[in-house]
Amino acid sequence: MLSVRTAPLLTLCALLGACARHPLPPGLEALPAPAGVIVEERVETYAIVGDDRATIGAALRAGVTDANGRRFAGYHSWTITWRYETRAEFAHCSIARVTVTLASTVTLPLWTPPPGADSGLVAEWDRYRRALAAHEQGHRALTYAGAARIRRAIEGIGDQSCAFIGASVRSVAEPLLAALRAEDARYDLETRHGATQGATWRPGAAP
């Protein structure tokens, strides 16, 4: 059996296993796993402390940090890996089976209203948190579709010399992976990281 990995495989709870016992937060919805794709998901949170709009806004701006040191209130990280088996006949090989694994983590802020919290503040938080989750849902949907494209591309590789089939897999999968990263970045650009979808904290506005 030959296998190729694009990145170290993460050990996460499976979407239909441990994660299924914990409802997704409002704005995130369960997505059907594409055929031949194993989806491993988790939702993480970080605490927001404050009892006024300005303090909460400052905590959201501090948010979580990505690999490039940029800060975001919400974040979706992912890796896609693949494994394949070949069927050999003399010096020629064909793809016998392909399994793609998508590991996906959404990180969102969590604020617990303190006793006596202003109802308008609570309503604004609920509105914002749902919009932010909906933005991350868009990222999730892109990676689901991308994982499916990679699986189909590998599965479609024709019979060839066993010596070159590994290179053929990389030649079809890695450009699709790069294209998915670009699509992911373009989604953030077009939505202004969710601002056009309502994921903007309004410190002075009524909900």
Handout entry: Where residue 129 falls short, out of the listed (1) surrounded by 15 or more Cβ atoms within 10 Å (Cβ to Cβ); (2) more than 12 Å from residue 74 (Cβ to Cβ); (3) out of contact with any helix residue (DSSP H, G or I) (no Cβ under 6 Å at 6 or more places or on another chain)
Key = (2)
Problem - Residue match in the stretch 72-88 (condition: surrounded by fewer than 20 Cβ atoms within 10 Å (Cβ to Cβ), acidic (Asp, Glu) and outside any loop (DSSP other than H, G, I, E, B)) - result: yes
Practice task
Taking residue 115 as the residue in question, decide whether it is at pLDDT below 95 and surrounded by fewer than 15 Cβ atoms within 10 Å (Cβ to Cβ).
Solution key: yes
Practice task
Would you point out which residue out of 94, 104 is within 30 Å of residue 182 (Cβ to Cβ), surrounded by 13 or more Cβ atoms within 10 Å (Cβ to Cβ), in contact with a Lys or Arg (Cβ under 9 Å, 6 or more places away or on another chain) and polar (S, T, N, Q)?
Solution key: 104
Exercise for the section: Name, by its number, the condition in (1) β-branched (Val, Ile, Thr); (2) in contact with a helix residue (DSSP H, G or I) (Cβ under 9 Å, 6 or more places away or on another chain); (3) in a helix (DSSP H, G or I); (4) farther than 23 Å from residue 42 by Cβ that does not hold for residue 143. Expected result: (4)
Exercise for the section: Filter the stretch 146-199 for residues that are surrounded by 18 or more Cβ atoms within 10 Å (Cβ to Cβ) and out of contact with any helix residue (DSSP H, G or I) (no Cβ under 8 Å at 6 or more places or on another chain) and give the result. Expected result: 147, 151, 165
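Tell me whether the stretch 100-114 contains one or more residues that are assigned to a helix (DSSP H, G or I) and either more than 28 Å from residue 46 (Cβ to Cβ) or touching a residue at least 12 places away in the same chain (Cβ under 8 Å) (or both).
No, that holds for no residue.
The values are calculated or read from the model by the stated rules, or taken from the named source; none is laboratory data. All of these numbers come straight from a predicted model, not from anything done at the bench. When we count neighbours, we look across all protein chains shown, and the Cβ atoms used for this are built from the backbone with ideal geometry, even at glycine.
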